[in-house]
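One structure is given here, and the rest of the page talks about it.
The values are calculated or read from the model by the stated rules, or taken from the named source; none is laboratory data. Predicted model only: the values in this text are computed from it and were never measured. Here Cβ is always computed from backbone atoms with ideal geometry, including for glycine, and neighbour counts include all displayed protein chains. SASA here: full protein model, heavy atoms, side chains in, ligands and nucleic acids out. Shrake-Rupley method; radii C 1.70, N 1.55, O 1.52, S 1.80 Å.
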Amino acid sequence: MAEVGKLVPAQRLPARIDVIQVETQARVEFNDVTVLMQKAIAASGAQSGVCHVFVPHTSAAVLVQENDDPALQTDLDQFLKQLAPRDKEYRHNDGNCDAHLKASLLGCSKTLLIEKGRLVLGRWQGVFFCEFDGPRRRELRVKIIPD
């Protein structure tokens, strides 16, 4: 049988990096950035792939958690205060050691899946920018890598 055509790889979308600016108003805040991340994914055109989110700050973090009941944010704040109280005597005591410890516990990055042009999240999940030493002007970097 004669060869009819040839296999040509499809054009692949390039990776894209977006910066989400976050202005925090209090020392501790949990800001839902899910919609902003979804806008970045839509702008990229990616239908499938991965989304890396990174916080380039040592006293802030990113968290995937329930976004239905804001009382969870209060509970999380209280829990972290018990683990790393602000007024404790720390060896690294530059006035915000508790913020560094809290950010270390939650982490500065997450990798999420993209399917059908949307973040893959559970029914109650959202993505939060977590501030532990505000108020400040912060940023969240989002890298979208299409399949």
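Brief remarks follow.
- Counting Lys and Arg as +1 and Asp and Glu as -1 over every other residue whose Cβ lies under 9 Å from the Cβ of HIS52, the net charge comes to +3.
- Backbone N under 14 Å from the ALA26 label point (7 Å along Cα→Cβ), restricted to the range 124-141: 130-136
- For the chain, the number of Lys pairs with C-alpha atoms closer than 15 Å, counting only pairs eight or more positions apart or on separate chains, is 5.
- Which of TYR90, ILE114, LEU101, positive extreme of dipole for the range 76-118 (C-beta unit charges): ILE114
- Each residue of the range 93-109 was assigned a 3J(HN,Hα) from its phi angle through the Karplus curve 6.51 cos²θ - 1.76 cosθ + 1.60 (θ = phi - 60°); the sequence is 10, 9, x, 9, 4, 4, 5, 4, 5, 4, 5, 5, 5, 8, x, 9, 8 Hz, with glycine and proline shown as x.
- The accessible-area ordering, largest first, of the residues SER59, SER104, SER48 stands as SER104, SER48, SER59, per a 1.4 angstrom probe.
- Centre-to-centre separation between the Cα atoms of the range 60-75 and those of the range 105-128: 13 Å.
- Note on GLU115 and ARG86: their simple-model spin labels are 4.2 nm apart, each label 7 Å out from Cα toward Cβ.
- Max mean-square fluctuation residue, GNM over the chain, Cα-Cα springs under 10 Å, options VAL28, VAL55, VAL127: VAL28
- Note on the chain: GNM, Cα springs under 10 Å; of ARG91, ARG118, ARG27, the largest mean-square fluctuation is that of ARG91.
- Rounded to the nearest 10 Å², the accessible area of ASP32 at probe 1.4 Å: 80
- Solvent-accessible area of HIS92, all protein chains in place: 90 Å² (probe radius 1.4 Å, heavy atoms, ligands and nucleic acids excluded).
- Measuring only protein heavy atoms, the 1.4 Å probe finds ILE17 accessible over about 110 Å².
- Ordering ARG86, ARG16 by accessible surface, largest first, gives ARG86, ARG16; the 1.4 Å probe counts only protein heavy atoms, with every chain in place.
- Of PHE30, PHE79, PHE54, PHE132, the order by accessible heavy-atom surface (1.4 Å probe, DNA, RNA and ligands excluded), from most exposed downward, is PHE79, PHE54, PHE30, PHE132.
- Entry for semi-axes √(5λ) of the Cα gyration tensor in Å (calculated from the structure that is shown) out of [x] 38, 15, 13; [y] 49, 19, 14; [z] 22, 17, 14: [x]
- Under Karplus coefficients 6.51, -1.76 and 1.60, residue-wise ³J(HN,Hα) of the range 117-124 in Hz, glycine/proline x: x, 9, 4, 8, 10, x, 3, 9
- Using the Cβ-Cβ distance between LYS6 and GLN47 with R0 set to 22 Å, the FRET efficiency from 1/(1 + (r/R0)^6) comes to roughly 0.30.
- Using a cutoff of 8 angstrom between alpha carbon atoms and counting only pairs six or more residues apart, the relative contact order for the chain works out to 51 percent.
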